[in-house]
Structure formats: C-alpha cells, structure tokens
Amino acid sequence: VLEGLRNAVTKFLKGGSTYKDSVEEFIKDLQRELIKSDVNIKLVKELSENIKKKALEEEPPSGISRKEWFIKIVYDELSNLFGGDTTPDVEPKKIPWIILLVGVQGSGKTTTAGKLASFYVKKGYKVGLVAADTYRPGAYEQLKMLSNLSGAMFYGDQNNNKAEEISINGVEYFKNKNADIIIIDTAGRHGYGNEKSLLDEMRNISNKVKPDEVILVLDSSIGQKAFDLAKQFHETTPIGSIIVTKLDGTAKGGGVLSAIAATGARVKFIGTGEKIDELELFNPSKFVSRLLGLGDLDALLEKIKSVQDNINIEKLQEDLAKGKITMRTLYAQLKSLRKMGPFSKILQMLPTSSLPVQIKNEQLKIGEEKVDKWLHIIESMTYEELDNPDIIDRKRMRRIAIGSGTSIEDVKDLIVYYKNLKAIMKRIKRDRGILKKLGMQN
Ligand code: GDP
Ligand code: MG
C-alpha cells in the first residue's frame, strides 16, 4: 500500500532543489500516490492544502531543519487522514466480553474470528468461538478447525438453523465454561450494495444476543465504497469497531482506511494474510510511518521527539510539583529516563526540593534493564488502569503480565514503585501547604 510515498520522501530529503520547489514537487508525488491507492480526491485536496500551508508558515523548532520539519507535518496530516494518533483499546472491559462479527459474505469474518481468537488466547484469555453461520455449507467445519488452531473452545449446532438461537446457546455454554471472551461468527449473506439488510440483520441478532462489541469486517478491495457502509454502521451501533481484511493483496488499502476514518468509525485491526497470525493492531500513525519508510522516519521522529521531550519536562515538573501522578506521568518519565536521569534527580530540580522532605533515594532508583520492561507493562494497561492504578488487583496484574510478556513480580515491582512515588508526592504537597500557612513560602 502506498509504497511510492517512500520514494517521494527519499527524493524530497535528498533532492537538491530549493525548499519551496521541493515542497511543490513532493505534494504532487503525494497526491498521485494517494489517488492511486484510491483515497478520496476531496480528502487528497484538503490534505495537500493543509500540508502546503503549514510547510510555508510554520517555523521548525531549533535543531530541526525545515525539510525534516516538513516530513513531520506530512506524517501528522497523513496520520489524521487514517484516524489520528490513537492505539486501539482491545482489552475486554468486562468478563465475559461478547464480540459479534458481522459483514458481507466473503469479507473474511470466519478467518478473522480465528485470528481474533488466536490473538486473545496468546494474551492469556480463555476464548470461545460460536459458529452461528447457518447458511454457508462448511462454515461449521471451517470455524471448528480454526478454534483448534488457535487454542480456543468451540460451540456449534449443526441441527439448528436459527443463528440467534445458536448464538444465545453458545454464549450460555461458554459462560458456564468461564470463558473470558466469546466471539460469534455470523453469516451475512448480503453483497455490497445491500447495506441495509446487512445492518437490519445485525440489529436483530444484536438485540437478542446483547454483545459488548460488534465488529464489522470489511474487505479492503471495496475501496471508497467502505465509506457508506462504515458510516451507516457507525451510526447504527455505538459499540462498533471495524476490521479491514486483505490489506496484503491490494493497492487500494489507503482508500478503505481513509474512507473509514472520514466517517469517524475506528479501525481496530487489519488483516494482512490468510494465516491465523496475520492480524495487526491498527495504529494510524504507525501505519503511516511504515508507508513513509521506517528507517528515515523513525530516526527523524525520534529526533523531533527528543526536542519536544525537553519541553514536556516542564509540564512533567509542574505535575510533580502539584503532587499529581498517574501511570501516564510515570510512563512519560520512563521514556525520557535515559536522557534525564531518575526521578530522584528530577525531584532535586524542583523548587520543592528545598523543603524539609526526606526522600530516600534508594526508593526511587530504577535499574536500566527495568525501564524497558516497565514501559511494556504500562503499555499493556487499560486506560482506566493508567489513570487509576489503584484498581490493579492480582487478577489484573496477571493479565497485564501476560499481555506484556513479563511476570506478576515485575508488575508488582512497578506498582510498588508507583506507590512510593505517590506517597512522596503527597508529602511534598502537604509540606508545601504547611510552609505556606506559616508564611515561609509563597
Ligand atoms: P466470510 O465469508 O466473511 O466468513 O469470509 P472467510 O473468512 O471465509 O474468508 C473469505 C476468503 O478470504 C478466504 O479465502 C480467506 O482465506 C480470505 N481472507 C480472509 N482474510 C484475509 C486476509 O487478511 N488476507 C488474505 N489474503 N485473504 C484473506
Ligand atoms: Mg464465514
């Protein structure tokens, strides 16, 4: 998808023309590539105008060249085109988490059911697959085979031809088996163009089965047509997300992904092959950095980020001085740890460090090798856990450990560290309050 963009970036960075000419030339290349990959013309126009305007108006921060800054602008705008800078949240919000897969025949529902099962089994969840496609001959066998392959449990009933009944029975069956995640594979006999009957049927099953999440499976080759379907789907179900399949075999992927983003619906995963592990979390900005060519861009973004990190540190110090700390604060700190030194050092830089607060440095020292581990651990937390780490109990610890490929002990370590830090912050805040009252500090 959009490989030509990479060449355009290289040409832009290495080319010898003036800045203005290079920008013009790059934008032309960009437009050509986006249209080739089926991105809507109106979107392409808007995007080029935004990029051009920013490129000629914005001044890069010191230490960054204009050309480098330009690539960053392109990267940001493209990321927005594909849905912005968000990592999809794929953790179950309750147990069991019931997922209903819908989509027209041949879009890749059954294959995706198997891939999802495998994804969640690997994360340590108990997964059940329900075969509720009563139309396609062989659908039962196909899903059964995938459940074996993924290590998920299977439920089906070849003597029943009512999809809703099978779904309801399947959910009951897996609840008794203590499944964490239940995935229901449906039929969807309708071709593209019959969006209404597809959505009607989805609503029917949904009303009876009461899933926690409905996932629309879309074949990437339908390109711009995805817009209508995604839009109606997005408006019909507030608990919906989208998986785009077959992004391995088409040049039109940019079209379908940008079309969906334009509806406000979210793509959670993309399918990149027929095999059970060919499913990727869809992160728009990661996707774009791949399009633009990882090697160059990664180093560049890293450089820009390190310039920006220096700015964020002020904000971080502010938060710390206020005694505000969550896993997000800690994450930001861990990220810049190698440059900045440990928390204890930052604390010394705070105005509050002159306060009579006894901080034991050992409490806050982190070994280098721990940093990466802890970053992975925090990345595996849900938003709720990030903002309110106190809710992390032993069960959640286990899930986080599995999700991040670490041990419960590692997760515990991090949480103890967090708690120490929080206690110290509280003390700083309190001491400062006392000083203020005594008129010793303003
Ligand atoms: P369903 O009718 O919606 O259940 O679709 P299936 O899961 O049976 O898939 C239809 C065809 O698409 C099968 O041949 C799959 O192997 C193929 N398929 C599904 N997902 C992908 C994908 O991400 N990439 C490729 N290349 N093929 C896929
Ligand atoms: Mg199927």
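The values are calculated or read from the model by the stated rules, or taken from the named source; none is laboratory data. Quantities reported herein were computed from a predicted structural model and do not represent experimental measurements. Positions of Cβ are generated from backbone atoms using ideal geometry, with glycine treated the same way; all protein chains shown enter the neighbour counts. Quick note on the areas: whole protein, heavy atoms, side chains included, nothing else; ligands and nucleic acids left out. Shrake-Rupley method; radii C 1.70, N 1.55, O 1.52, S 1.80 Å.
Observations
- The stretch 207-278 and the stretch 110-160: distance between their alpha carbon centers, rounded to Å: 20
- Dipole orientation for the stretch 145-304: of the candidates A152, F233, L216, F233 has the Cα lying most toward the positive pole (charges on Cβ; Lys, Arg +1; Asp, Glu -1).
- Virtual spin-label span in nm between S17 and I239, 7 Å along Cα→Cβ: 5.3
- Atom-type composition of the exposed protein surface of the stretch 97-283 places 47 percent of the accessible area on carbon and sulfur (1.4 angstrom probe).
- Stretched out straight at 0.36 nm per residue, the stretch from I35 to V416 would grow longer than its current Cα-Cα span by 132.0 nm.
- Protein heavy-atom accessible surface, 1.4 Å probe, per residue over the stretch 97-283: 41 Å².
- Three-way shape label, the stretch 97-283, alpha-carbon gyration tensor, a/c 1.5: prolate
- Solvent-accessible surface ranking, highest first, for R203, R430 at 1.4 angstrom: R430, R203
- Among the listed pairs K122/K419; K93/K225; K144/K246; K93/K426; K122/K268; K126/K268, those whose Cα-Cα separation exceeds 25 Å are K122/K419; K93/K225; K93/K426.
- Dipole of the stretch 4-81 [Lys/Arg +1, Asp/Glu -1 at C-beta], most positive-end residue of L43, S17, P61: S17
- Percent accessible area from carbon and sulfur atoms, the stretch 40-92, protein chains only, probe 1.4 Å: 49
- Local electrostatic count, G16, Cβ distance below 15 Å [Lys/Arg +1, Asp/Glu -1]: +2
- The simple Förster model, with R0 at 25 Å and r as the Cβ-Cβ distance, assigns E164 and N194 a FRET efficiency of 0.80.
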